[in-house]
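The values are calculated or read from the model by the stated rules, or taken from the named source; none is laboratory data. Please read all numbers here as calculations on a predicted model, not as lab measurements. All Cβ positions, glycine included, derive from the backbone under ideal geometry; neighbour counts span all protein chains shown.
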């Protein structure tokens, strides 16, 4: 999950897997896979950077299982 700030200043956590599209017209609008739209203070680049950083952290904490493990 990534931390974002709603346009009204309230913090929120967003499951990054739900992001479908990010627009800047002029506010940043994050469109989710369920059709919901969120207006946030962060720029589209900041949202993408947070998603990338989060996924890098997750991948560092999840060691790959050896091939054939458990079979």
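Considering only residues in the stretch 14-47 that are out of contact with any strand residue (DSSP E or B) (no Cβ under 7 Å at 6 or more places or on another chain) and modelled with pLDDT of 95 or more, the one that is nearest to residue 2 (Cα to Cα) turns out to be 15.
Among the residues of the stretch 5-23, those identified as closer than 20 Å to residue 58 by Cβ and either loosely packed, with under 11 Cβ neighbours inside 10 Å or under 9 Å from the mean Cα position of the chain (by Cα) (or both) are 13, 14, 15, 16, 17, 18, 19.
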